[in-house]
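A quick write-up on the structure given underneath.
All of the numbers you see were taken from the coordinates with simple rules; none came from a lab. These numbers come from a predicted model, not from an experiment. Heads up, the Cβs are rebuilt from the backbone with ideal geometry, glycines too, and the neighbour counts pull from every protein chain shown.
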Amino acid sequence: MRAKPGNSRDIVRTIYIRYRLRIRGGTMLPVDRSSPAGTRGDAIMSPAALPAAYRLYSPVHHLLTALGTVQVRSKHPSIILRNRINRMLYRSVFTHRRDHTIQTRDGFLIRVPLYDQAAASIVFERAYSPGEAAILRQLLKGCALFVDVGANLGYFSLLACALNRHQDDFAVVTIEPNAALCRLIKISFELNQFDCAELIEAAAGREAGCGYFQVQDNLSSNGRAVLEADSASDGAVRVEFVRIDDLVQYNTVTGSILIKIDVEGGEVDALAGATEAMRHGAVFMCEVWASSVSELDPFLASHNYVMMDVSGNCIDYRASLPSRTDVILAPASRVAAVQHAIQPAVA
C-alpha cells in the first residue's frame with residue numbers, strides 16, 4: 001500500500017507514535033488548515049526584514065562566502081575568517097533570543113533562531129550547505145522515503161518535502177533530539193503545509209533506551225547525544241534513543257530509500273540501528289568523523305556496502321581523511337547507479 005500525503009504515518013511504526021511531534025514543556029498546537037500559509041494562531045510567521053545588526057553584517061558575510069573558493073596552502077582563508085567572525089558575533093552581538101522566518105532560495109519557508117550560529121548560512125544566504133543540497137536533489141529523484149537523522153533545523157527535510165510534495169508515494173521521517181529545534185521544525189512544516197513528514201524527537205542509535213544530549217546554546221549543530229546513562233554533564237538533558245529500523249515499516253515503501261545521517265560522531269551507532277534499511281538497499285549520505293572510519297569499514301563490508309566521496313569516487317578507509325567528511329554509502333550493486341545519479345551535481 002502506498003503512503004499518501006498526509007498519511008505518511010503508514011510508514012512509521014505505530015509502536016513509536018508517542019515520539020511524533022512531542023515537544024517538552026508544552027502542548028503542540030494542531031495545524032489549522034483554514035488559516036493561510038505563514039500563520040500559526042495569532043502569530044504571523046511570514047518572512048520579514050532581518051534586525052538591523054544582521055542587515056549590516058550581511059554584505060560582509062556574502063563577500064567572505066563569495067571569496068571562499070580561493071585557496072592558500074590547501075586552506076580557504078576567507079571561510080576561516082568568516083567563521084571566526086561569526087563565532088565572535090554570535091557570542092556577543094547576535095544573542096537576542098528571537099526566532100525568524102526565512103524564505104529560502106529553494107522556495108520553502110523555514111523558522112530559525114537568530115541567536116544560533118548553525119542558522120547563519122540560512123539567515124544570510126537563504127540556503128544551507130549548497131553542495132550537500134545539490135547531491136540530495138539528485139538522490140531524491142524517484143525516492144519514496146527520506147529519513148533525516150540529526151536534522152538540526154530540518155532544512156533537508158523541508159527540501160525533500162518541497163521537491164517531492166506532489167508525489168503520492170513519498171514520505172519523510174525527521175529525527176532530531178533537540179526539543180527547541182523540534183519546535184521550530186514543526187512550525188516550518190506547518191508554514192509550508194507539508195503533511196508528508198513525521199517528526200520524531202529522539203536520537204538515533206544501535207539500540208533503544210535513554211541517554212543524554214549535550215548542546216551549545218548558540219551552536220546547535222555541535223549537539224551530541226550519548227546513550228550511556230552515567231555520562232550526564234552540566235547542561236545535558238535526557239533524551240530517548242531509537243533505532244531507525246524500529247521507526248520504519250519498509251514493506252510499505254514502494255520505491256528507493258534515502259537516509260541522511262549527521263550525528264556528530266555517532267554515525268556508526270546510527271547505522272547499526274539501520275541494518276534492515278540496508279537489506280532493503282537504502283542509500284546513505286553521512287557525515288563521517290575520521291575516528292569512526294576504522295570501525296565503519298568492516299561494518300560496511302559485512303553488509304556489502306561501498307563508501308564513496310560526494311563525487312562518487314570509492315574511498316579507501318586506510319587513506320588519510322579530513323577530521324569530518326561527507327560520504328555516500330551504497331550497496332555494491334547500486335554504486336554505478338548512484339554515481340550516475342549524482343553526476344549532474346558534481347560536474
With each pseudo-label sitting 7 Å past Cα toward Cβ, what's the A48-A236 distance in nm, one decimal? 3.9 nm
Please compute the length gained on full extension between R87 and N251, using 0.36 nm multiplied by the number of residues separating them and subtracting their Cα-Cα distance. 54.5 nm
Can you give the FRET efficiency for Q216 and R55, using 1/(1 + (r/R0)^6), R0 = 30 Å, r = Cβ-Cβ distance, to the nearest 0.05? 0.75
In nm, to one decimal, how far is the S294 label point from the A332 one, both placed 7 Å along Cα→Cβ? 2.5 nm
Projecting the Cα atoms of F189, Y115, A282 onto the charge dipole of the chain, where Lys and Arg contribute +1 and Asp and Glu -1 at Cβ, the residue farthest towards the positive end is Y115
Projecting each Cα onto the charge dipole of the chain (Lys/Arg +1, Asp/Glu -1 at the beta carbon, about the Cα centre), which of I80, S292, S323 comes out farthest on the positive side? I80
Residues of the stretch 271-307 with amide N under 12 Å of the 7 Å Cα→Cβ point at Y317: 291-307
Two pseudo-spin positions, 7 Å from Cα along C-beta at T69 and at R98, lie apart in nanometres by 3.5 nm
Report, in deg cm²/dmol and to the nearest 500, the calculated mean residue ellipticity at 222 nm for the chain, where each DSSP H run with n ≥ 4 adds -39500 (n - 2.57) and the sum is divided by the residue count. -9000 deg cm²/dmol
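Could you give the dipole magnitude of the chain about its Cα centre, charging the beta-carbon of Lys and Arg +1 and that of Asp and Glu -1, in debye to the nearest 20?
Its charge dipole is roughly 920 debye.
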Note: Q343 to K141 extended length (0.36 nm per residue) minus current alpha-carbon separation gives 71.4 nm
Measure out, as a whole number of angstrom, how far apart the alpha-carbon centroids of the stretch 269-302 and the stretch 121-149 sit. 20 Å
Mind putting a number on the dipole of the stretch 213-317 about its Cα centre? Charges go on the C-beta only, +1 for Lys and Arg and -1 for Asp and Glu, and I need it in Debye to the nearest 20. 360 debye
